Amino acid sequence: MSAHASTQPTDVKTTWGGGTSPFGISYGKMMMWFFLMSDAFTFSGLLTAYGFMRHKYHDVWPVAGDVFTHFPFYNGHIELAYVAFMTFILIASSVTMVLAVEAGHRMDKKGVIIWMFFTIIGGAIFVGSQAWEWYHFIHGTEHGAVREFIKDGVWVKEVFHGANLRVNEYGHPLFADFFFFITGFHGFHVFSGVCINIIIFIGVINGTYHKRGHYEMVEKTGLYWHFVDLVWVFVFTFFYLL
Amino acid sequence: MERDDIYEYSLDTHHGEEEGKKVRKKIYQVLGILSAITIFEVGMGMKFSRVVSMQETLKYLFIALTLVKAAYIVLVFMHLGDERKNLRWIVLATYLVLIGYLLFICLTEAVYAGEHRAWDPVVEAFKSIVGGGSAHH
């Protein structure tokens, strides 16, 4: 916040002299930043690998608009509508989280409880939506696609539907491999984020952090939660938009 | 022995009602910006994703908008913009240099690998699948 450490004067000579926190943050928050950086490298590595294969097989890469067209309770096709909804849910839950952090700065226990509750709900909706997306990607379309392969020494034609780690109705199977791996990895991050949020939520209700005199624990979980949202912004662009 | 070099928590993490109002206003502003960008992106994607001549433009537009969104999340929601300069740059510079390098190397090599791809009937067969769904819309 604006009343944060940056407004304190930083004296270069004494900053690193010991007896003070050179970065102006607590140990826990700094370690959270370092953890998030290592996690960011992991996700970047995965997305870069995806980018490599996508450039290599650019002419046989599925068009995202063909793959993600389903919308709940609607039989037609709307491209990208559901994933836009998912993105909005995650951004909204990020906002409720930052509002919980803000309430914590005012020592407003009731505010923290309310906003963290909405954050957890948003996270749960997102994980459920992702499961739904996977379901439709795995089951594919009614018409499917044809593949040819050699069985017992003769070429056989077979109609197949959807995608898994071996085949992909919409194009190169590597798209499906990366999709399952990266959105799966991200989805698991969201799932753990929801679990961590629930643990902290219980702590807030019990008054643990109020007694401690500060809600920094909420801030640290908040950092993780925003990071999950940050990763999704990139996944959304590279898997769905481009 | 009690250590005096570990801060239990950040200083200045509390603020009053007045300050809180300003902070909340900023948060809602950022929510508006992020939602607007996402809606704009999806709209552009729906309208132009199959227009071949637009694809290069769309690609760079989407990447630029994604970076704008990422900057808002990191600097405002994660408060990195309010942290001390040294922490801010240790996080940002390290990440940007390493990943910038990785991306440069991998994407350069990927284009080369794509141009020199060995002919493979299995891969060629995927060409008939790609874009197949659009015929049914």
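The values are calculated or read from the model by the stated rules, or taken from the named source; none is laboratory data. Predicted model, so just to flag it, every value in this text is computed and none were measured. Cβ placement follows ideal geometry from the backbone for every residue including glycine, while neighbour counts extend to all protein chains displayed.
Among the residues in the stretch B:38-48, are any at the interface with another protein chain (Cβ under 7 Å from one of its Cβ atoms), under 30 Å from A:K220 (Cβ atoms) and either modelled with pLDDT of 95 or more or assigned to a loop (DSSP other than H, G, I, E, B) (or both)? Within the stretch B:38-48 (the criterion being at the interface with another protein chain (Cβ under 7 Å from one of its Cβ atoms), under 30 Å from A:K220 (Cβ atoms) and either modelled with pLDDT of 95 or more or assigned to a loop (DSSP other than H, G, I, E, B) (or both)), the answer is no, since none of the residues qualifies.
Screening the stretch A:23-73 for residues that are farther than 26 Å from A:F238 by Cβ and crowded, with 16+ Cβ neighbours inside 10 Å and picking the one that is modelled with the lowest pLDDT gives A:G24.
Return a yes/no flag: does the stretch B:22-45 have any residue that is among the acidic types (D, E), surrounded by 12 or more Cβ atoms within 10 Å (Cβ to Cβ), under 30 Å from A:F68 (Cβ atoms) and touching a helix residue (DSSP H, G or I) at 6+ places or on another chain (Cβ under 7 Å). Yes.
The one condition from (1) polar (S, T, N, Q); (2) part of a loop (DSSP other than H, G, I, E, B); (3) surrounded by 23 or more Cβ atoms within 10 Å (Cβ to Cβ) that A:T87 does not meet is (2).
A single member of A:Y240, A:Y170, A:Y209 is in a loop (DSSP other than H, G, I, E, B), within 13 Å of chain B (Cβ to nearest Cβ) and not polar (S, T, N, Q), and it is A:Y170. Taking the stated definitions as given, is B:L102 over 18 Å from B:S35 (Cα atoms), surrounded by fewer than 19 Cβ atoms within 10 Å (Cβ to Cβ) and facing another protein chain (nearest Cβ under 7 Å)? It is true that B:L102 is over 18 Å from B:S35 (Cα atoms), surrounded by fewer than 19 Cβ atoms within 10 Å (Cβ to Cβ) and facing another protein chain (nearest Cβ under 7 Å).
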